[in-house]
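Data block below; observations after.
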Amino acid sequence: MSVEYRTEGDVAVITLNRPDRFNAIEGTISSGLVEALSRAGVETRAAVITGAGRAFCAGADLAELEPEYDSGGPDLAEHLENVFHPMVEATIECAVPTVAAINGVAAGAGLGLALACDLRVIAESAFLTSAFTAIGLTPDSGTTWWLPQMVGVSRALELTLTNKRVSPEEATRLGICLETVSDDQLMGRATGIAGSLADMVPDSLVTTRRLIREAAGRTFAEALAEEQTEQGRLGKTVEHAEGVRAFLEKRKADFRGVG
Ligand code: T3D
């Protein structure tokens with residue numbers, strides 16, 4: 001299986017599993033990830049995405065593309081549409097929040113995938129690299145959309161033009177990752193964060209994610225209107241009623257018990 005799926009309580013752990021190729025992306029990784037994220041959205045309340053072996057994900061599988069250069073080159077626009085876009089779209093639209101546990105290098109579209117997750121924690125031995133321009137391409141998988149928002153245009157240009165290896169410390173300082181943890185603590189920390197999210201209300205979390213992501217393209221008045229629409233909807237839910245009652249009764253809300 002190119003993508004492994006298991007659950008730990010209410011948390012899905014999704015593992016890219018082509019370690020001999022640094023979990024490089026081809027069709028089965030993409031379709032496996034789409035399927036796993038869909039399953040996580042139905043069966044769990046939060047998901048962690050990580051990689052098997054030494055890498056998180058090295059981006060497109062360059063060995064798979066290589067034979068096509070003798071016959072005019074691959075149709076990368078088509079590859080993006082069929083392989084890469086479904087994967088990152090499934091990530092940003094996942095019905096539960098997602099945490100990337102970056103266990104090793106995240107390069108190219110592998111970086112794009114990590115950026116598409118809601119939160120990121122990174123292991124001490126990992127690093128990030130844009131990688132696209134090192135092989136004469138432009139960034140893909142949403143990298144040009146995420147990076148300037150996360151680190152500003154100047155740093156985004158530095159990372160994408162130089163392909164520098166961004167250390168965990170720098171990735172955390174830049175705000176791309178929440179924190180750096182030791183290699184052996186990575187999965188415990190990532191599933192711990194996901195577990196905390198699982199205690200909350202998936203609809204509240206994924207709607208908040210959408211409002212934050214879409215805010216940059218809205219006027220202030222439009223953002224207020226969108227907030228009002230969603231607040232109005234969520235205000236009628238049993239989970240909101242439980243949250244308010246739990247606060248007033250000085251107890252932890254039990255959102256699972258009312259959903
Ligand atoms: O298809 C399309 O539509 C195009 C879409 C493109 C999207 C993209 O993602 S473009 C960017 C593609 N990715 C890259 O260009 C990254 C290439 N890899 C590297 O630059 C380096 O390998 C890494 C920075 C990722 C890691 O460096 P390092 O020094 O830690 O490891 P290494 O020795 O270079 O690689 C380890 C092994 O993984 C090695 O195999 P081997 O020699 O041990 O058998 C290497 O060939 C393999 N590997 C690494 N990246 C890829 C890969 N195999 C296939 N595809 C890869 N992308």
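Read-outs throughout are calculated quantities, based only on the coordinates presented, and are distinct from any laboratory measurement. Remember, it's a predicted structure, so these values are computed and weren't measured experimentally. FYI the Cβ positions are ideal-geometry reconstructions off the backbone, even for glycines, and counts take in every protein chain you see.
Observations
- Using the Cα coordinates of the chain, the gyration tensor eigenvalues translate into equivalent-ellipsoid semi-axes of 33, 21, 18 Å, sorted from longest to shortest.
- Considering helices alone, the calculated mean residue ellipticity of the chain at 222 nm is -13500 deg cm²/dmol, with DSSP H runs of length four and up weighted by -39500 (n - 2.57) and normalised per residue.
- Extension gain for Ser204-Asp20 works out to 62.4 nm (0.36 nm per residue, less the C-alpha to C-alpha distance).
- Cα extents of the stretch 127-259 along the three principal axes, largest first (Å): 56, 43, 21
- In range of the label at Glu222: residues from the stretch 131-163 whose backbone nitrogen is under 18 Å from the point 7 Å along Cα→Cβ: 145-146, 149
- Cβ-Cβ FRET estimate between Arg256 and Arg39, R0 fixed at 22 Å, reported to 0.05: 0.75
- In plain terms, the chain from Ala95 to Asn82 could stretch by 2.5 nm, reckoned as 0.36 nm per residue minus the Cα-Cα distance.
- Residues considered: Ala52, Ala134, Ala190. Largest GNM mean-square fluctuation over the chain, using C-alpha springs under 10 Å, is found at Ala134.
- Residues Thr28 and Asp184, FRET efficiency given R0 of 25 Å [Cβ-Cβ distance, rounded to 0.05]: 0.30
- Fully extending the segment from Leu161 to Arg54 would add 36.0 nm, taking 0.36 nm per residue of separation and subtracting the current Cα-Cα distance.
- Normalised alpha carbon radius of gyration of the stretch 78-148 [divisor 2.2 N^0.38 Å]: 1.09
- Sites excluded, trypsin sites (Lys or Arg not before Pro) in DSSP loops with at most 11 other C-beta within 10 Å, longest stretch of the chain: 1-235
- The calculated Kirkwood hydrodynamic radius for the stretch 1-154 is 15.5 Å, given to one decimal from all distinct C-alpha pairs.
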